[in-house]
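Heads up: the structure comes next, in structure tokens.
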Amino acid sequence: MGASALLEAARTAEAPLAVVSTPKGPALAQGGTFVDVRTAAPEQAVFPVIRILFPLSAEQWGHPAFKQSWNLRYAYVMGSMARGISSIDMVRAAAEAGMMGFFGAAGIPPDELSGWVDRAVREIAPRPFGFNLIHSPFDPELESHVVDCYLRAGIDRIEASAYMNLTPALVRYRLSGIHVDPSGRIVCPNRVMAKVSREEVARKFLSPAPDKLVASLVDSGRLTRHQADLARRVPMCDALTAEADSGGHTDNRPAIALFPTISSLRDRLVCRHGFDRPIFLGLAGGIGTPHAVAAAFAMGADYVQTGSINQSCVEAGVAPEIRKLLCETRQADVAMAPSADMFEMGVNVQVLKRGTWFAQKAQKLYECYRRYESLEALPESVRQTLEKEYFHRSLEAEWESTRTYFEARKPDELLRAERDPKHRMALVFRSYLGQSSLWAKQAVAERRMDYQIWCGPAMGAFNAWAEGTPFEDPDNRKVVDVALALLREAAVLQQVNDMQRAIQDEERFRRTVGLGTFSKSDGSDRVRDIAENRMPAASMESPQ
């Protein structure tokens, strides 16, 4: 049986398949009857059964307890993408299909975010959905305001992303309302799905909240001492996504190395802390083909999470021009570039380099920041390049615009800029980095070469797989259709793998037992015992 025959059998089988051993070799059969070889009629075709293969559906992937506790039909999560790229439409589509979606709240001011939160509650609840909470190391007040917004609206599921350390705002969200139910079980009303790519960060989420942060919440009256005691008995997350090579904030970790490490760490810490609940583990980064989905579950993932590929779907909060560009992407069309939110720390994000100069320009800005101490120290040639090709105006005019922005949102930054010329330069450079993602989202034509489009290699892998299918057309890409296609085709691949292993078992069986007519003199009783005990015989009407 060739690969094409196995694929066809896996795709069309609606009932269990049996791999049987025939004198001509292994065969797939359906609709047969199990018989006792000792009582089979002489004219009846009887073949030893090597293995029974049951159909695998998209719903069967993942950990049943994860799907039950998160109220999902599929172990499939659509991760958040900043500035509302993971839109309300996307999150609603996921919820209606029994999947989990997180709205991309990063980069949206709190006063605007409240409107999106109200809309989600109005249009999606009570179906499952969530919002993103991104680490803001240079703006803890912003993070706190976002948490306030979520708690007021009753948003009980968040995706915590880009964290390097736990923060007071995140711990406050996690522990708000913690209590003991009538059965004596500790309940954390607010669920956290943490997305991490480093072992040391994973350790923080897989452990109880730090005592120091919990004590500060007690001192401020946000937690009672009883709740603080309960906090020591629960982890900081309910689920943790191991994020491999992905779009946006990423450490470019290889999934095949990252996931087993995080999985082992999870098992050790759950045992060490004696948690009374599982911490589910998912895999993200590079999930763009059925092979990747099947591999993730084969490694033991309780769920898979997608990101980049969803950005190319019709529900994404980006302009059609951007979706078309993403649909033309190949795996090598991505690059690392300095991030806007963690610029001074040298943190990078993965972006699309095809059709844009953003990655190169952003790197140039970071090199200038490292080399010079102020805007005034920039050489004249560098200044002219920045004004002409980056900002499209003088650096003085760009600073005034930046000043106006921070006067309204974070005046403390201006006080620091007055004292530190290098910080003033960083704010100007961050202005370009921050606006570039907005220009891309809105497809501002005159800024075409400055688009910052977060993207990982999964996008290119998906496009290669989608060639020759309806998904090749951007207008046919709907997030749920894409998700179901990946899950279903992954099930087909798993079935084919099972068939191939069963065929190998049949070959070993033939070498061990042999086929033909057996008699007492040549040990037929021994052979019959082997055949009956290890692999029951069956009569099959139509071996394939």
State yes or no: is Ile108 assigned by TED's automatic domain parsing to the domain that holds Thr289, assigned to a loop (DSSP other than H, G, I, E, B) and more than 17 Å from the chain's Cα centre (by Cα)?
yes
Ser216 passes all but one of the listed conditions (1) closer than 23 Å to Tyr76 by Cα; (2) part of a helix (DSSP H, G or I); (3) of a type outside the set (Asp, Glu); the exception is number (1)
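When the residues of the range 419-438 are narrowed to those that are aliphatic (A, V, I, L, M) and within 28 Å of the chain's Cα centre (by Cα), which ends up surrounded by the most Cβ atoms within 10 Å (Cβ to Cβ)?
From the range 419-438, those aliphatic (A, V, I, L, M) are 425-428, 433, 438; that's our starting set.
Now restrict to residues that are within 28 Å of the chain's Cα centre (by Cα): 433, 438.
Working: Leu433: 22, Leu438: 14.
Ranking the qualifying residues of the range 419-438, first place goes to Leu433.
For (1) closer than 24 Å to Gly307 by Cα; (2) basic (Lys, Arg); (3) out of contact with any Cys (no Cβ under 7 Å at 6 or more places or on another chain), each residue gets a yes or a no:
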residue	(1), (2), (3)
Leu414	no, no, yes
Gln435	yes, no, yes
Ile453	yes, no, yes
Ala466	yes, no, yes
Lys478	yes, yes, no
Gln495	no, no, yes
Glu506	no, no, yes
Among (1) without any contact (Cβ under 8 Å) to a residue 12 or more places away in the chain; (2) not assigned by TED's automatic domain parsing to the domain that holds Lys361, there is one condition Asp420 misses while meeting the rest; what is its number?
(2)
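Mind listing just one residue for me: the one in the range 347-377 that is within 24 Å of the chain's Cα centre (by Cα) and not charged (D, E, K, R) and, of those, nearest to Trp454 (Cα to Cα)? Give the steps one after another, and end with the answer.
Looking only at the range 347-377, we keep the residues that are within 24 Å of the chain's Cα centre (by Cα), and these are 347-354, 359.
The next check asks that each one be not charged (D, E, K, R); those that pass are 347-352, 359.
Values: Val347: 14, Asn348: 11, Val349: 7, Gln350: 6, Val351: 4, Leu352: 6, Ala359: 11 Å.
Checking each candidate, the answer is Val351.
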Which ones in the range 404-438 are over 22 Å from Asp111 (Cβ atoms) and of a type in the set (A, V, I, L, M)?
Leu415, Ala417, Met425, Ala426, Val428, Leu433
Exactly one condition in (1) in contact with a Pro (Cβ under 8 Å, 6 or more places away or on another chain); (2) farther than 23 Å from Ile108 by Cα; (3) surrounded by 12 or more Cβ atoms within 10 Å (Cβ to Cβ) is false for Arg354; which is it?
(1)
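The values are calculated or read from the model by the stated rules, or taken from the named source; none is laboratory data. Note that the coordinates shown come from a computational prediction; the quantities given were computed from them, not determined experimentally. Quick reminder, even Gly has a Cβ in these numbers, built from the backbone with ideal geometry, and neighbours come from all protein chains shown.
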